[in-house]
1. Taking all protein chains together and a probe of 1.4 Å, list L179, L117 from the most accessible to the least accessible.
2. How much length would be gained if the chain were fully extended between Q87 and H238, taking 0.36 nm per residue of separation minus their Cα-Cα distance, in nm to one decimal?
3. What does the net charge come to around V185 if you take all other residues with beta carbon closer than 9 Å to its beta carbon, with K and R at +1 and D and E at -1?
4. How long are the three semi-axes of the equivalent ellipsoid of region 220-288, in whole Å, if each is the root of 5 times an eigenvalue of the C-alpha gyration tensor, listed from largest down?
5. Which ³J(HN,Hα) values in Hz, rounded to whole numbers, follow from the phi angles of region 159-176 under the Karplus curve 6.51 cos²θ - 1.76 cosθ + 1.60, where θ = phi - 60° and Gly and Pro get x?
6. How large is ³J(HN,Hα), in whole Hz, for each residue of region 358-365 in order, when computed from phi with the Karplus curve 6.51 cos²θ - 1.76 cosθ + 1.60 and θ = phi - 60°, using x for Gly and Pro?
7. Output the Kirkwood hydrodynamic radius of region 87-161, Cα pairs only, in Å rounded to one decimal.
8. How far is helix 125-157 tilted, in degrees, relative to the longest principal axis of the Cα atoms in the chain, given as a value from 0 to 90 rounded to the nearest 10?
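The values are calculated or read from the model by the stated rules, or taken from the named source; none is laboratory data. Owing to the predicted nature of the structure, the values given are computational and were not obtained by experimental measurement. Cβ coordinates were reconstructed from backbone atoms using ideal geometry, including for glycine residues, and neighbour counts include every protein chain displayed. Heavy atoms of the whole protein, side chains included, go into the accessibility calculation; ligands, DNA and RNA do not. Shrake-Rupley method; radii C 1.70, N 1.55, O 1.52, S 1.80 Å.
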Amino acid sequence: MAAVVATALCSCGGGGMPSFGDNEYPIEEVKVSSTEMQTTYPATINGIQDVEIRPKMSGFLTQINVTEGQTVQAGQLMFVIDNETYQAQVRQAQATVNTAQSQVNTAKLTYENSKQLFDNRVIGEYELQTAENSFKSAQAQLAQAQAALASAKENLSFCYVKSPATGVVGTLPLKKGALVSASNVLTHVSDISQMEVYFSMTEKDMLTMSKGNSSLVEQFPAVRLQLADGSTYGYEGHVSAISGVIDQSTGTVQMKAIFPNPDRLLKSGGSGTIIIPHQNDGAIIVPQSVVMEVQNKKFMYLLGDSNKVAYTEITVDPKDDGHNYIVTSGLKVGDKYVTNGITKLQDQMVIVPITPQRYQEKIQEQAKAMSSGEIVDAMKK
């Protein structure tokens, strides 16, 4: 029971103090220590490659060969567009090529025969030149027909929509039989083997982290990602790019972090929070329970000469862990401060300083000496 009462008395913390009757208060000395704080920034998540799949040719959608969420390989057939017209164009272009090839063969024979006749002085130079021109014209017509055939085959190939990259298929908004054109997005393919996480850092924070070093990307610490459900993603990421332009409307700089995604947990289009750790090796850290806040200012009771306490204003880092403050000014190493009972103190009040260990011992002693009624009252507080 004494241990329970002692716990109840200790729970007063900085806000209260058991009545020892001798004006004794526990004192702690300011020391430096290492700590890791963190800063968070809202973030959006995208696949390392997000590709819109659009048709190049207009027509009716005749085949859909993929499903939503399916993993596809680069070059895999995804959609087929009605291609009867384009197949007919290919056949027509092929027939034109065949005709042009026959004309080239005939013109070549004519030209070669004309050269022999010219060598034998049977025909003149005019007839030879005419035969040569006809041969060259037939060759040009063949080249033109071959180009038309290549264009027709390319148009036909556009009816077979293939994946440009390896990735995961997104939604399929259109169904078989729909009339599609280049304005329609058939789906998206996202390469989510790695994820690009975009976030914006304030100009002030960026300058603080850079510390005059222009290669901020190289010295940037590993970052973590908090997911939408509040959990922390199991893999660390690294900042790979920093925009060279500050957004004048927000005063922020956009950054990109790369995260591995071997388990395919992260999805393109998701959201989260980037967590950036900050290691401070020379920090002055004090419990929040020893700090009083008045009109957005923070104060502590420091022990001065003749055992008088001084009501002292301090400033703290705006980033805290909910339990401690990092003091940026108002305290220095070697200062001594009151850890418990601060609400009963007044500026320049004389106290009897004791160690925190002695403070805990006196609590135990007082708990053992309390009557049953006092114990009940202590438990109610």
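1. Descending order: L179, L117.
2. Net length gain for the segment: 49.3 nm.
3. Values: positive: R54; negative: E52.
Neighbourhood net charge equals 0.
4. On the way: eigenvalues 114, 84, 33 Å².
Output for region 220-288: semi-axes of 24, 20, 13 Å.
5. Karplus values, whole Hz, x for Gly and Pro: 6, 10, 7, 10, 6, x, 8, 7, x, 10, 6, x, 6, 10, x, 10, 10, 4.
6. After applying 6.51 cos²θ - 1.76 cosθ + 1.60, I find 5, 4, 5, 5, 5, 5, 4, 5 Hz.
7. Values: mean 1/r = 0.0725 Å⁻¹.
It is 13.8 Å.
8. 40
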